[in-house]
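Chemist: Take this structure first; my questions come after.
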Amino acid sequence: MTDCIFCKMVSGEIEPDVVYETDDVLAFRDLNPQAPTHVLIIPKKHYSTTNDLQPENAELMGKLVLAAQKVAEIEGLSEQGYRMVLNCNEGAGQTVFHIHLHVLGGRCMQWPPG
Ligand code: 5GP
Ligand code: ZN
C-alpha cells in the first residue's frame, strides 16, 4: 500500500523509533503516547482491519501477541502488567488502517476502557 504510513515504516521510507522487529512484525513507539510505554506492533504485510483476516492469518496474529510479550519484557512491564488493544474501524477509534496492536503500560489502567 503506497499511501499507508505504516507500510512506509516497513519499507524504510519513514523511520520509526523501533523497539523490536522480526521477519513478520515491526514494533515502534507511538507518536502520541497515551502511557509511559505506548508501542504499536504491526504485521509487515498490509491488512487494513481485523475484518480482513482469514484463518491462515491466525499464526501471524499470534506473532503480534508474542511480540507484545517481548516488548513488555524489553520495557520492564512483564510483572506489573500491560494492556493490548486492537481497534477495528472508526467506531472503535481506529485511525490508521493498517492493523496494529497497541501495547500500553507504565501507569494504572482503568476498566472499562473509554
Ligand atoms: P488507532 O487509533 O488507529 O488504533 O491508532 C493509531 C495510532 O497510531 C495512534 O495512537 C497514533 O498516535 C499513532 N500514529 C499515527 N501516526 C503515526 C506516525 O506517523 N508515527 C507513529 N509512531 N505513530 C503514529
Ligand atoms: Zn499498510
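Chemist: Looking only at segment 22-56, which residues are touching a residue at least 60 places away in the same chain (Cβ under 8 Å) and hydroxyl-bearing (Ser, Thr, Tyr)?
Modeler: 37
Chemist: Name the residue that is surrounded by the most Cβ atoms within 10 Å (Cβ to Cβ), counting only residues in segment 75-114 that are touching a Cys at 6+ places or on another chain (Cβ under 9 Å) and β-branched (Val, Ile, Thr).
Modeler: 99
Condition check ((1) charged (D, E, K, R); (2) under 17 Å from residue 48 (Cβ atoms); (3) within 16 Å of ligand 2 (Cβ to nearest atom); (4) in contact (Cβ under 8 Å) with a residue 60 or more places away in the chain) across all residues:
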site	(1), (2), (3), (4)
82	no, no, no, no
88	no, yes, yes, no
91	no, yes, no, no
97	no, yes, yes, yes
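Chemist: Sort out which residues of segment 57-114 are in a helix (DSSP H, G or I), within 15 Å of ligand 1 (Cβ to nearest atom) and within 17 Å of residue 44 (Cα to Cα), and write them in order of number.
Modeler: 64, 68, 71
Chemist: Let me ask something else about it. Since residue 5 meets every condition but one in (1) farther than 20 Å from residue 89 by Cα; (2) among the aliphatic types (A, V, I, L, M); (3) more than 12 Å from the chain's Cα centre (by Cα), which condition does it not meet?
Modeler: If we test residue 5 against (1) farther than 20 Å from residue 89 by Cα; (2) among the aliphatic types (A, V, I, L, M); (3) more than 12 Å from the chain's Cα centre (by Cα), just (1) comes out false.
Chemist: Tell me, yes or no, whether segment 63-71 has at least one residue that is within 16 Å of ligand 2 (Cβ to nearest atom) and of a type outside the set (Ser, Thr, Tyr).
Modeler: Within segment 63-71, one or more residues are within 16 Å of ligand 2 (Cβ to nearest atom) and of a type outside the set (Ser, Thr, Tyr).
Chemist: If you don't mind, another one. Which of (1) under 12 Å from residue 103 (Cα atoms); (2) of a type in the set (A, V, I, L, M, F, W, C); (3) within 14 Å of ligand 1 (Cβ to nearest atom); (4) free of Cβ contacts under 8 Å to residues at least 40 places away in the same chain is the odd one out, the single condition residue 19 does not satisfy?
Modeler: Just one mismatch for residue 19, condition (4).
Chemist: Restricting attention to segment 1-41, report how many residues are in a loop (DSSP other than H, G, I, E, B) and surrounded by fewer than 17 Cβ atoms within 10 Å (Cβ to Cβ). Break it down into steps so the answer makes sense when it comes.
Modeler: Here is the first cut: in segment 1-41, the ones in a loop (DSSP other than H, G, I, E, B) are 1-4, 12-17, 22-24, 30-36.
When the remaining residues are screened for being surrounded by fewer than 17 Cβ atoms within 10 Å (Cβ to Cβ), the result is 1-4, 12-15, 17, 22-24, 31-34, 36.
Matching residues across segment 1-41 total 17.
Chemist: Okay, moving on. Please work out if residue 19 is under 13 Å from the mean Cα position of the chain (by Cα), more than 16 Å from ligand 2 (Cβ to nearest atom) and aliphatic (A, V, I, L, M).
Modeler: So residue 19 passes the test.
Chemist: Of all residues in segment 62-74, count the ones that are within 13 Å of the chain's Cα centre (by Cα) and open to solvent by 40 Å² or more (accessible area, probe 1.4 Å).
Modeler: Residues flagged as within 13 Å of the chain's Cα centre (by Cα) and open to solvent by 40 Å² or more (accessible area, probe 1.4 Å) within segment 62-74 amount to 5.
The values are calculated or read from the model by the stated rules, or taken from the named source; none is laboratory data. These numbers were taken from a predicted model, which means no experiment stands behind them. Neighbour counts are summed over all protein chains in view; Cβ atoms, including those assigned to glycine, are modelled from backbone coordinates with ideal geometry. Please note that ligands, DNA and RNA were not included when accessible areas were found on the heavy atoms of the full protein model with its side chains. Shrake-Rupley method; radii C 1.70, N 1.55, O 1.52, S 1.80 Å.
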